[in-house]
Amino acid sequence: MKALFIGGTGTISADVVELAQQRGWEITLLNRGSRKLPEGMRSIIADIHDEEAVAKAVTDESYDVVAQFIAYTAEDVERDIRLFRDKTKQYIFISSASAYQKPLADYRITESTPLVNPYWQYSRHKIAAEEVLMAAYRTTGFPVTIVRPSHTYNGTKPPVSLHGSNGNWQILKRILDGKPVIIPGDGSSLWTLTHSRDFAKGYVGLMANPHAIGNAFHITTDESMTWNQIYQTIADALGKPLNALYVASDFLARHGENYDFRGELLGDKAATVVFDNSKIKRLVPDFICTTSMADGLRQAVQYMLSHPETQTPDPEFDSWCDRIADAMCAADRAFLAQQRF
């Protein structure tokens, strides 16, 4: 069985590629060649946005699966339909669970939960791309399968609810330094973190699965933790107390300055999400998540601590956190001052 992976070296896709190879798939990666490829992997060096170059590169090729990991917009998938309409038996598009209804009418999410997100343009682009693909399936039989990951991580950094442009290390550094760590809301909303190795089991099980054509699936663990539990687990793994600072999500969104916390919080992480994975389990009976959220968080913390190259400082984000903390303290002082009169 032959598969073309567009991307294939990212947080989600690298473990999918590895598992597919283990199960006997012949994998070709199409990317710009900017990252080191797995040993013995066939590659096509091209930019997927250069339609003419890609069309030329795959002229004589055909695939059982084309796995698209780096398409974001309707225009991206319209291009892919032109490129691969007659060259694949299945086209798998990575969408996003953030496309599900915000705010949710029911915290339990199934694949039939409406797709609408007024807060985040990223999610609206994914929704528009899904609509193009499903229209192509209904009108011309384009063999699409849609996959909606939620918060998926690969164990090299512990997931957090908000961070700056340089990644997650600055949150860990603030915990180590005893500084206030911002947790949106009151930290009681539920969140789901899925390890990429577990995600890969579900994804590879959909490859060349005839029942997957024309369908959408989210692939997540069944487990959920509150953000309080997530941050406390990180702090415990660091051996430090957690100095939590609770701030309303809409306040963070209004004052995020250079950060899109309106989208990332109001459109995603501030909402309680609990996923019903019955659909993927019906098609892929061996889809079982074996990395618990707590174990995954602890392992990711230890990875960062033991790999100094991942400890990228983010002074801009650190300063922003300090200013938010100062603003909250000032509000407390002002309110207390009013009470004296």
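The values are calculated or read from the model by the stated rules, or taken from the named source; none is laboratory data. Just so it is clear, the model here is predicted, and its values are computed rather than measured. All Cβ positions, glycine included, derive from the backbone under ideal geometry; neighbour counts span all protein chains shown. Please note that ligands, DNA and RNA were not included when accessible areas were found on the heavy atoms of the full protein model with its side chains. Shrake-Rupley method; radii C 1.70, N 1.55, O 1.52, S 1.80 Å.
Being over 21 Å from the mean Cα position of the chain (by Cα) and either open to solvent by less than 50 Å² (accessible area, probe 1.4 Å) or farther than 30 Å from Trp120 by Cβ (or both) narrows it down to one of Glu78, Glu51, Glu39, so name that one.
After applying the criteria, what remains is Glu39.
Candidates in the stretch 235-247 are the residues that are open to solvent by less than 30 Å² (accessible area, probe 1.4 Å) and touching a strand residue (DSSP E or B) at 6+ places or on another chain (Cβ under 9 Å); of these, the one that is farthest from Lys269 (Cα to Cα) is Ala235. Could you say whether any residue in the stretch 191-199 is more than 19 Å from Gln299 (Cα to Cα) and open to solvent by 10 Å² or more (accessible area, probe 1.4 Å)? Checking the stretch 191-199: not a single residue is more than 19 Å from Gln299 (Cα to Cα) and open to solvent by 10 Å² or more (accessible area, probe 1.4 Å).
How many residues, within the stretch 180-201, are in contact with a His (Cβ under 9 Å, 6 or more places away or on another chain) and either free of Cβ contacts under 8 Å to residues at least 40 places away in the same chain or outside any loop (DSSP other than H, G, I, E, B) (or both)? Steps first, please.
The first filter runs over the stretch 180-201 and keeps only residues in contact with a His (Cβ under 9 Å, 6 or more places away or on another chain), leaving 191-194.
Checking which are either free of Cβ contacts under 8 Å to residues at least 40 places away in the same chain or outside any loop (DSSP other than H, G, I, E, B) (or both) leaves us with 191, 193-194.
Residues that pass the stated criteria total 3.
Suppose we keep only residues that are assigned to a loop (DSSP other than H, G, I, E, B) and not basic (Lys, Arg) within the stretch 314-341. Which one would you say is nearest to the chain's Cα centre (by Cα)?
Filtering the stretch 314-341 for residues assigned to a loop (DSSP other than H, G, I, E, B) gives 314, 340-341.
Then drop every residue that is not not basic (Lys, Arg), which leaves 314, 341.
Details: Asp314: 21, Phe341: 50 Å.
Among those residues, the one meeting the criterion is Asp314.
Within the set Lys87, Lys2, the sole residue that is over 21 Å from the mean Cα position of the chain (by Cα), within 15 Å of Val204 (Cα to Cα) and of a type in the set (Lys, Arg) turns out to be Lys2. Of the residues examined, Asp250 is one that is among the charged types (D, E, K, R), at pLDDT 95 or above and open to solvent by 20 Å² or more (accessible area, probe 1.4 Å).
Take Glu264 and tell me if it is open to solvent by 40 Å² or more (accessible area, probe 1.4 Å) and in a helix (DSSP H, G or I).
Working: open to solvent by 40 Å² or more (accessible area, probe 1.4 Å): yes; in a helix (DSSP H, G or I): yes.
Yes; evaluated as a whole, the condition is true for this residue.
The set of residues in the stretch 278-313 being among the hydroxyl-bearing types (Ser, Thr, Tyr) and either open to solvent by 40 Å² or more (accessible area, probe 1.4 Å) or outside any helix (DSSP H, G or I) (or both) consists of Ser278, Thr290, Thr291, Ser292, Tyr303, Ser306, Thr312. Only a single criterion out of (1) of a type in the set (D, E, K, R); (2) under 23 Å from Gln232 (Cβ atoms); (3) out of contact with any Ser or Thr (no Cβ under 8 Å at 6 or more places or on another chain) is not satisfied by Asp268, namely (3).
Please verify whether the stretch 139-158 includes one or more residues that are part of a strand (DSSP E or B), in contact with a His (Cβ under 8 Å, 6 or more places away or on another chain), under 20 Å from Ser98 (Cβ atoms) and of a type in the set (Phe, Trp, Tyr).
Step one: list which residues in the stretch 139-158 are part of a strand (DSSP E or B), which gives 144-149, 151-153.
Checking which are in contact with a His (Cβ under 8 Å, 6 or more places away or on another chain) leaves us with 147-149, 152-153.
Next cut, under 20 Å from Ser98 (Cβ atoms) only: 147-149, 152-153.
Filter again for of a type in the set (Phe, Trp, Tyr), leaving 153.
There is at least one residue in the stretch 139-158 that is part of a strand (DSSP E or B), in contact with a His (Cβ under 8 Å, 6 or more places away or on another chain), under 20 Å from Ser98 (Cβ atoms) and of a type in the set (Phe, Trp, Tyr).
Within the stretch 105-129, residues that are open to solvent by 70 Å² or more (accessible area, probe 1.4 Å) sit with their Cβ atoms under 6 Å from residues that are aliphatic (A, V, I, L, M), at 6+ positions apart or across chains, in these pairs: Tyr107/Val274; Arg108/Val274.
The set of residues from the stretch 130-141 being of a type in the set (Asp, Glu) and either in contact (Cβ under 8 Å) with a residue 60 or more places away in the chain or surrounded by 19 or more Cβ atoms within 10 Å (Cβ to Cβ) (or both) comprises just one member, Glu130.
Could you tell me how many of the residues in the stretch 216-234 are open to solvent by 40 Å² or more (accessible area, probe 1.4 Å) and either outside any loop (DSSP other than H, G, I, E, B) or in contact with a helix residue (DSSP H, G or I) (Cβ under 8 Å, 6 or more places away or on another chain) (or both)?
The initial filter retains those residues of the stretch 216-234 that are open to solvent by 40 Å² or more (accessible area, probe 1.4 Å), namely 222-223, 228-229, 232.
Subsequent filtering for residues that are either outside any loop (DSSP other than H, G, I, E, B) or in contact with a helix residue (DSSP H, G or I) (Cβ under 8 Å, 6 or more places away or on another chain) (or both) retains 223, 228-229, 232.
Going through the stretch 216-234 one residue at a time, the tally reaches 4.
From the residues in the stretch 12-27 that are polar (S, T, N, Q) and either closer than 15 Å to Leu206 by Cα or touching a strand residue (DSSP E or B) at 6+ places or on another chain (Cβ under 7 Å) (or both), which one is surrounded by the most Cβ atoms within 10 Å (Cβ to Cβ)?
Initially, the stretch 12-27 is screened for residues polar (S, T, N, Q), giving 13, 21-22.
Applying the additional criterion that residues be either closer than 15 Å to Leu206 by Cα or touching a strand residue (DSSP E or B) at 6+ places or on another chain (Cβ under 7 Å) (or both) yields 13, 21.
Values: Ser13: 25, Gln21: 16.
Step by step, filter the stretch 12-27, then rank; the result is Ser13.
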